[in-house]
Amino acid sequence: MPESLSPYDAAPGPGEQWTGGHVAALRARLGLSQAAFARRLGVRQQTVSEWETGRYNPRGASATVLRILAEQAAAYDAPPANGDDA
């Protein structure tokens with residue numbers, strides 16, 4: 001069973017591999033079902049399930065797309081550039 005991570009720990013650090021916990025945390029952060037997440041990534045829902053259970057780890061292009069999604073999600077968490085909350 002993959003480790004449980006906070007949705008805000010959705011991406012592995014530099015040089016680390018994606019784990020099931022990272023994938024599940026990113027999906028939770030985006031508020032998507034496995035099926036919707038799979039459609040967004042262009043993979044099968046079974047692939048997302050296998051990643052989340054730790055049967056396989058994302059690699060190659062899939063890992064790159066996951067990192068891009070995590071970076072986009074993090075941009076929405078950043079405070080506004082001018083300090084306004086509006």
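Summary table
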| read-out | value |
| --- | --- |
| Count of segment 50-62 residues which are surrounded by fewer than 17 Cβ atoms within 10 Å (Cβ to Cβ), touching a residue at least 12 places away in the same chain (Cβ under 8 Å) and either part of a helix (DSSP H, G or I) or at positive phi (or both) | 2 |
| Residue within segment 70-85 that is out of contact with any Lys or Arg (no Cβ under 6 Å at 6 or more places or on another chain), surrounded by 15 or more Cβ atoms within 10 Å (Cβ to Cβ) and at pLDDT 90 or above present | yes |
| Test: residue in segment 8-26 that is out of contact with any Pro (no Cβ under 7 Å at 6 or more places or on another chain), surrounded by 14 or more Cβ atoms within 10 Å (Cβ to Cβ), at pLDDT 90 or above and assigned to a loop (DSSP other than H, G, I, E, B) | no |
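The values are calculated or read from the model by the stated rules, or taken from the named source; none is laboratory data. Quick caveat, the model's predicted, so the values are computed rather than measured. Positions of Cβ are backbone-derived with ideal geometry, glycine not excepted, and every protein chain shown enters the neighbour counts.
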